[in-house]
């Protein structure tokens, strides 16, 4: 009943779809992960191999998601696919981890990266207080939440601008690297395998850092319900975006390595800014601004898409009913946006950014693997299901197998992150049985009363504004 009553408006086309995918992928990852990748692989060619392999893996996953997104064409992405394939409990655990771990963690990481790129050129010779960075990050999250809640169409138009700005920043980096190498700066590639680390666990962490930079290729699936002609536009957006992202990431990392070298990449706190100082001459002043805009756009897309997952879960009864409400004037899931904003602000408290990346990537990778395996399970469980797009089975098989291997290795290399992720996920089991499946009367009463109070407050605010 609720699902028939609450639906999002179809207002996104192919360009908006491509902008969402590029907008979320071209976020903070390409500006912070190169350091971790070279640190864990130990060599230039090792790092570039990881970037290329992560691009291939993301493409296989995205193509598998194209089948899921056109077969199960509702908003919610991974949550919806896990719910259809494996049932209510795994779907709830995905929501539990997404809303409390990797969505707000990613928002925190991206907002902190934005703050760093804004502050460093303004105070180049000063040690920046971490509290200052966190305050700017908090204001950024609040501002972008307001923009996303205000008007979906306006937000998507802004995303188009952000997309071209991000591509411009990376094209400038690639162009600077090409000019540098044309002038003879190729010494770092002459013995590119030197220093390669033999540790499988180190390489697995490098893969996780690379995958973090590509994360977001599945986020358009969260908004399938708002996509015009999704059977055509969803796969086309994927086909256009992923090869472009892989090529740009590889070329950008080649430029980083050529100009800064492995040692320079390891030592850099703001790699695009350090690159610009050495390679771009007078344009070095523009690079921090371009990077900041790129990260800002990625964060805006992430806030917009993840709120649809929260909205879809609430619509199915897996989250409080209030989060399934839509602001009918702005056509945005305002309660879900505000909820994720508050949790994201809490995630700004920890200081260790690398641990936060590893932690949220391990948890998210597990559910991405489970979601992609739904392609295989639904082929067996529901063979007569109408599939507008049907990918070759080797694609999800290779993706799922690779992800399973990557999930096993961190048990040795990053046991704290794995244990923390497992405990956080298992903590959702009693919550599910106590508050979702049984739905105690007291919980229903509180939810209804709270919803009514919020509705009255909203209506009174609207009336005051009209007066």
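The values are calculated or read from the model by the stated rules, or taken from the named source; none is laboratory data. This structure is a prediction, so every number in the text was calculated from the model and none was measured. Cβ atoms come from the backbone with ideal geometry, glycine included; neighbour counts cover every protein chain shown.
Annotation for segment 193-207: no member residue is within 19 Å of residue 22 (Cα to Cα) and out of contact with any helix residue (DSSP H, G or I) (no Cβ under 6 Å at 6 or more places or on another chain). Pull up segment 143-175, narrow it to residues that are within 15 Å of residue 255 (Cβ to Cβ) and surrounded by fewer than 22 Cβ atoms within 10 Å (Cβ to Cβ), then point me to the one that is nearest to the chain's Cα centre (by Cα). That would be 167.
In segment 274-284, the qualifying residues are those that are touching a helix residue (DSSP H, G or I) at 6+ places or on another chain (Cβ under 6 Å) and assigned to a helix (DSSP H, G or I), and the one that is surrounded by the most Cβ atoms within 10 Å (Cβ to Cβ) is 275.
Answer yes or no as to whether residue 133 is over 17 Å from residue 298 (Cβ atoms), without any contact (Cβ under 8 Å) to a residue 40 or more places away in the chain and under 22 Å from the mean Cα position of the chain (by Cα). Yes; evaluated as a whole, the condition is true for this residue.
Filter segment 250-273 down to the residues that are assigned to a helix (DSSP H, G or I), within 25 Å of the chain's Cα centre (by Cα) and modelled with pLDDT under 90 and list them by number. Result: 265, 266, 271, 272, 273.
When you look at residue 26, is it closer than 27 Å to residue 209 by Cβ and touching a residue at least 12 places away in the same chain (Cβ under 8 Å), yes or no? Against the criterion (closer than 27 Å to residue 209 by Cβ and touching a residue at least 12 places away in the same chain (Cβ under 8 Å)), residue 26 qualifies. Going by what's in this entry, would residue 132 be described as in a helix (DSSP H, G or I), modelled with pLDDT of 80 or more, in contact with a helix residue (DSSP H, G or I) (Cβ under 9 Å, 6 or more places away or on another chain) and surrounded by fewer than 20 Cβ atoms within 10 Å (Cβ to Cβ)? So residue 132 passes the test. Of all residues in segment 202-237, those satisfying the criterion of being within 16 Å of the chain's Cα centre (by Cα) and outside any helix (DSSP H, G or I) are 215, 216, 217, 218. As a summary of the residue check, residue 87 satisfies the conditions (1) at pLDDT 80 or above; (2) touching a helix residue (DSSP H, G or I) at 6+ places or on another chain (Cβ under 8 Å); (3) over 24 Å from residue 276 (Cα atoms) except for the one numbered (2).
The C-beta contact set for segment 376-390 (first residue touching a residue at least 60 places away in the same chain (Cβ under 8 Å), second residue surrounded by fewer than 15 Cβ atoms within 10 Å (Cβ to Cβ) and part of a loop (DSSP other than H, G, I, E, B), distance under 9 angstrom, 6+ apart or interchain) comprises 378/385. Considering the conditions (1) modelled with pLDDT under 80; (2) out of contact with any strand residue (DSSP E or B) (no Cβ under 6 Å at 6 or more places or on another chain), residue 12 is excluded by exactly one of them, (2). Residues in segment 389-399 that are touching a helix residue (DSSP H, G or I) at 6+ places or on another chain (Cβ under 8 Å), surrounded by fewer than 22 Cβ atoms within 10 Å (Cβ to Cβ) and assigned to a helix (DSSP H, G or I): 395, 397, 398. Evaluation of residue 196 against the conditions (1) within 15 Å of residue 38 (Cβ to Cβ); (2) assigned to a helix (DSSP H, G or I) shows that the sole unmet condition is (2). Counting only residues that are modelled with pLDDT of 85 or more and part of a helix (DSSP H, G or I), segment 362-388 holds 16 of them. Within segment 248-266, does at least one residue satisfy the condition of being closer than 21 Å to residue 403 by Cα and buried (at least 18 other Cβ atoms within 10 Å of the Cβ)? Yes, there is a match, as at least one residue in segment 248-266 is closer than 21 Å to residue 403 by Cα and buried (at least 18 other Cβ atoms within 10 Å of the Cβ).
Annotation: residue 409 fulfils all but one of (1) farther than 21 Å from residue 103 by Cβ; (2) at pLDDT 80 or above; the unmet one is (2).
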